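The values are calculated or read from the model by the stated rules, or taken from the named source; none is laboratory data. Just so it is clear, the model here is predicted, and its values are computed rather than measured. Glycine also receives a Cβ, built like all others from the backbone with ideal geometry; neighbour counts cover every protein chain displayed. The protein model used for the area step is the full one, side chains on, heavy atoms only, and it has no ligands, DNA or RNA in it. Shrake-Rupley method; radii C 1.70, N 1.55, O 1.52, S 1.80 Å.
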Amino acid sequence: MKTTTFILYFLFFGIIGYSQVETKVIIVDLSKPHIKSVLICKDSSGEVANPPCDNVDSSKWLSVQSKDMISIKLINGNPLKFDYKIDTKNIIFYNDNVDNNLNQIISEIERLSIAPSIAYAVPMGTIQNIVDTNNRLFISINELNIEVDTFYETLKQKKVLTEEDYIDRSVELLKESKNILKETYENDNELQSFVKDPNYNDVKKVAIANKNMAAKSVDNIINKLYSINLDSYTLPIDIQGQNIDAIEFKLKRFDKETKEEDINFASKPYNIWIKGGLKIDVSAGLFFSSLYDYEFDKRDDLSTSGNKIITLKNKGEYDLAFGSMINTYVRMNSWVVPTLNFGAALTQNEKLQVLFGGGLILGKQERIILTAGISMGKVERIADSYSVGESYNLGDSGTIPTQSEFKFGNFFGITYNLSKVKKISLDKGIE
């Protein structure tokens, strides 16, 4: 009973452990561009969690496990200056769901501003004070817009944009624009006490125009400075179970204004090599097998008239054969990978042999397989009633009796992988 319980626990936790899937985030530094991989765990919501839960992968070739989900993160770029694409898909660096929303800001300002009330039943000062405030606010709004545009153009000139470049200044500008917007509302409310003034309508038009200008100024700051999301991830894709060697993607950069591609930017595609999981390839080449048809000769038996002594022709230890192999191996991020293989070959006498063995795969892009093992097939041997070196009367034909037998031998060979490195594009994984 204890043994059964132990086995059940082992199977349960084994399945749970195997089912745990992590997202491998490939971090592409757009300022170099340099590439490195960081393992980042997924939280319960399925999103990529921060901070990373593992160390930087410093292997020579970028690689992921076959069971991993793959996501791409772009850092140190400038989405104000450039558009970035992975293969044909645009990478979005903007977030529409920003905390600062113009409608929310206006609602809050309307709530906090002094609404028309009995407090304005008696005019405070003269309507000229409202006119002067309108003029001052108009100038302030235009100066703020110039300041925002200048700051935005400065950011656009940077090849690398970080939060430190714009966050603090963006907060200051948004705070200033909110204060101006609030003041336009307060000034308009104060104007209500001068409804009977002959200049009321003209002043009212200016006050409303200032409110609209101030609102557009706030909206402009939000759209330009608050919708940027520098932490841009692609949606994770699942590669488990696919008979591939690598995932390939091309990073492209386009000037936002001219729309022209920078062909010198990341000119070579990125390859993410797959580790783990079985891979099956086909190769063909040259084999040397110890299985081959024996050939016999005869000479006169001087001691017995009419008899012939059977002799075996010396053809060496191995026969040449051509064939193909199916190579099965666990994917490794290495130049040398062990493999199990089986296949078939044809000898020079066009006899089919079945081959089973093991070997080494050499190379990554172009692959040579060195292999050795057991060969099996039918070969010609001397008939059971006859022996090499013995004397027999072979009759008028002089034919040496032979028979076909199934035999085991050994082989070694060298083959070339007919299956080129199988890659899939990351393009379809980015939706």
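Count of the stretch 404-431 residues, restricted to those that are of a type outside the set (Gly, Ala, Ser), over 33 Å from the mean Cα position of the chain (by Cα) and open to solvent by 50 Å² or more (accessible area, probe 1.4 Å), is 6. Within the stretch 394-412, can one find any residue that is part of a loop (DSSP other than H, G, I, E, B), touching a residue at least 24 places away in the same chain (Cβ under 8 Å), closer than 30 Å to residue 233 by Cβ and not β-branched (Val, Ile, Thr)? No - not one qualifying residue is present in the stretch 394-412.
Contact annotation: residue pairs with Cβ atoms under 8 Å, 6 or more positions apart or on different chains, pairing a residue in the stretch 213-237 that is basic (Lys, Arg) with a partner that is in a helix (DSSP H, G or I), are 224/148; 224/152. Out of (1) without any contact (Cβ under 8 Å) to a residue 40 or more places away in the chain; (2) closer than 30 Å to residue 251 by Cα, the odd one out for residue 332 is which? So residue 332 meets the others, but not (1).
Quick check, is residue 426 at pLDDT 80 or above and not hydroxyl-bearing (Ser, Thr, Tyr)? Outline the logic, then answer.
On the way: at pLDDT 80 or above: no; not hydroxyl-bearing (Ser, Thr, Tyr): yes.
For residue 426, the condition - at pLDDT 80 or above and not hydroxyl-bearing (Ser, Thr, Tyr) - is not met.
Considering only residues in the stretch 86-132 that are modelled with pLDDT of 80 or more and open to solvent by 60 Å² or more (accessible area, probe 1.4 Å), the one that is farthest from residue 178 (Cα to Cα) turns out to be 88. The residue of the stretch 207-259 that is farthest from residue 183 (Cα to Cα), among those that are small (Gly, Ala, Ser) and open to solvent by less than 60 Å² (accessible area, probe 1.4 Å), is 246. Residues in the stretch 278-310 that are among the aliphatic types (A, V, I, L, M) and either free of Cβ contacts under 8 Å to residues at least 60 places away in the same chain or assigned to a loop (DSSP other than H, G, I, E, B) (or both): 278, 280, 291, 302.
Tell me, yes or no, whether the stretch 389-409 has at least one residue that is among the aliphatic types (A, V, I, L, M) and at pLDDT below 90. Break it down into steps so the answer makes sense when it comes.
Step one: of the stretch 389-409, the residues among the aliphatic types (A, V, I, L, M) are 394, 400.
Among the residues that remain, those that are also at pLDDT below 90 are: 394, 400.
Within the stretch 389-409, one or more residues are among the aliphatic types (A, V, I, L, M) and at pLDDT below 90.
The lone criterion from (1) over 19 Å from residue 221 (Cα atoms); (2) among the hydrophobic types (A, V, I, L, M, F, W, C); (3) surrounded by 15 or more Cβ atoms within 10 Å (Cβ to Cβ) left unmet by residue 138 is number (1).
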